[in-house]
Amino acid sequence: MTTGQRKINIQQKNKYSYHYRMLLSLGIPIVVGQVGTIILGFADTLMVGHHSVMELAAASFVNTIMAIILVLALGFSYGLTPMVGQLFGRGEREKIGLVMKNGLAAGTLTSIILLGVLTAVYLNVDKLGQPVELLPLVRPYLMVNMISVPFVCWFNSFKQFYDAIGNTKMSMYILLAGNVANIVGNYLLIYGPGPLPELGLLGAGLSTMLSRVMMFVVAFAIFMISKRYKVYSRSFSEARLSGEAFRQVSKQSWPVSLQMGMESAAFSLTGVLVGWLGTTALAAHQVMITVSQVFFMIYYGIAAAVSVRVSFYVGQNDITELRRVTAAGFHIICMIGCVVSIPVFLLRHETGFIFANDATIAEICAHVTLIMIVYQFGDGMQCCYANALRGTGHVQPMVYIAFVAFVLVSLPCSWLLGIHMGYGIMGIWGAFPVGLTVAGVLYYIFFRRQVARLEHGGQGILAA
């Protein structure tokens, strides 16, 4: 190896080291915020469950519906990341206010559509096969959750703004503060200590709604008042709604929303298939889904940081660094997957007992853990390259990829292996590595094509 080649290799290693540091700096706050949300859900379930088993059952039904709605809302807001990030990378910060104002308008329209869906559910909840005795609990709890949907959409828009300009810690602090406020509110409104009324499940819903309102108000107030964001808030105040900018936001946002919705729905429907196998299998499935969320949340935090950095380099038209930062993100995700898999594998026989004192459930979990470890590569790959593709602004293929990987491949394979061929829960979970790897490979292929297009003179969204 020549001296020149050694220098190039050293420079490349240093470049990767820089990207590793940047991605971890951006990604860790996102991970913390997402893990905080999981803990919040766990605390909600625990506190409602201790108050009433019937309220826990009613909450489970409503939260299942709301989970899909919130995923669609979150996915829609993700369309703002490449738009804000590319303008930030080009130094055109005075244009970001226009994007944010039209992003909020598009988010408002999205919340109206989602509220329409929830209203239909509310009016027909008695026709959805739920126990009649739960309906008086389901209806008010669903109603207060519906009220919070617009605030979720608006907060998500500002979260993507803060993330896209590299200030992921701001979103983390607001999310954690909202989670703490919700837990305190749960205690006060569910149990009614002292002079406060004991509202039970309705109190949990009110607490969640108020915490979501608070998170939006705080995110918006900081955006408008802080001197750090003066250039953005000024352009936001001066900007007018634009049909072209509104269409551009919607064009970027709906494909991501639908992609995430299909992925979430596919995993939810596998729970229906497992339910056909009996209560024990379903309990083991829920345990393993909970464990797998830990992997996914970590991956998605790093992958979201990849999207931010990719959009920045698209804005700067720096294709070399764009490729490097994406590769660096995949390196980190693979390393995390390997490190976390070791204790999960070693403790596979104890995992089930953490959640239920049942030897059969624990045995099923031990077997399913092996499959879960196998699909970490595909899951990490699809997380990384889906977000890298999102960062380039080329999001339309994501809908088709998700449809192929999760609807045409994963779900039918789960039914074929688990139900038709009789392999049970192992067969149902055995389809996950197939579907996730197909998604990862397809995202990678389309990402490479988009990068080649950019390299040969293609432009990012909102090109100057």
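Laid out as a table, the results:
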| read-out | value |
| --- | --- |
| Per residue solvent-accessible surface (Å²) - the chain, probe of 1.4 Å | 44 Å² |
| Residue-by-residue Karplus 3J(HN,Hα) for the range 172-189, coefficients 6.51, -1.76, 1.60, Hz, glycine and proline x | 4, 4, 5, 4, 5, 5, x, 5, 5, 4, 5, 5, 4, x, 4, 4, 6, 8 |
| Dipole of the chain [Lys/Arg +1, Asp/Glu -1 at C-beta], most positive-end residue of 376, 205, 328 | 328 |
| Dipole magnitude of the range 290-431, debye to nearest 20 (Cβ charges: Lys/Arg +1, Asp/Glu -1, about Cα centre) | 360 debye |
| Length released on extending from residue 419 to residue 331, taking residue separation times 0.36 nm less the Cα-Cα span | 28.1 nm |
| 16 Å Cα cut-off, lysine pairs counted over the chain (separation 8 or more, or different chains) | 6 |
| Three-way shape label, the range 299-458, alpha-carbon gyration tensor, a/c 1.5 | oblate |
| Shape box of the range 301-346 [Cα atoms, principal axes, largest first, Å] | 46, 17, 6 |
| Under the Karplus curve 6.51 cos²θ - 1.76 cosθ + 1.60, θ = phi - 60°, whole-Hz ³J(HN,Hα) for the range 307-317, x wherever Gly or Pro sits | 4, 4, 6, 4, 4, 4, 6, 5, x, 8, 6 |
| Rotationally averaged projected area of the range 330-410 (alpha carbon convex hull; nm²) | 6.7 nm² |
| Whole-Hz couplings from phi, Karplus 6.51/-1.76/1.60, listed for the range 255-268; x for Gly and Pro | x, 5, 4, 5, 4, 5, x, 5, 5, 5, 5, 4, 5, 5 |
| Whole-percent carbon and sulfur share, accessible surface of the range 188-342, 1.4 Å | 67 percent |
| Computed helical MRE - 222 nm, the chain, DSSP H runs ≥ 4 contributing -39500 (n - 2.57), nearest 500 | -28500 deg cm²/dmol |
| Highest-first arrangement of 320-330, 374-384, where packing means the average Cβ count within 10 Å | 374-384, 320-330 |
| Cα-Cα P(r), the range 85-169, percent of pairs per 10 Å interval | 16, 34, 23, 16, 10, 2 |
| Listed peptides 21-29, 108-116 by packing density, highest first (mean Cβ within 10 Å) | 21-29, 108-116 |
| Cα-based shape type of the range 142-243, given that a ≥ b ≥ c are square roots of the gyration tensor eigenvalues and the cut on a/c is 1.5 | prolate |
| Surface/4 of the Cα convex hull for the chain, nm² | 24.8 nm² |
| Farthest positive-ward along the chain dipole, Cα basis, beta-carbon charges - from 288, 424, 102 | 102 |
| As computed over the range 58-111, the Cα convex hull volume per residue (Å³) | 69 Å³ |
| Highest to lowest packing among 339-352, 291-304, scored as the average C-beta count within 10 Å | 291-304, 339-352 |
| Debye, to nearest 20: dipole size of the range 27-169, +1 on Lys, Arg Cβ, -1 on Asp, Glu Cβ | 460 debye |
| Cβ-placed point charges (K, R +1; D, E -1), dipole of the chain about Cα centre in debye, nearest 20 | 2060 debye |
| Radius of gyration, Dmax [the range 47-196; alpha carbons; angstrom] | 18.5, 58 |
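The values are calculated or read from the model by the stated rules, or taken from the named source; none is laboratory data. Computed from a predicted model, the values in this text were never measured in an experiment. Cβ: placed from backbone, ideal geometry, glycine included. Neighbour counts: every protein chain shown. Accessible surface is based on the protein model in full, side chains and every heavy atom, while ligands, DNA and RNA are left aside. Shrake-Rupley method; radii C 1.70, N 1.55, O 1.52, S 1.80 Å.
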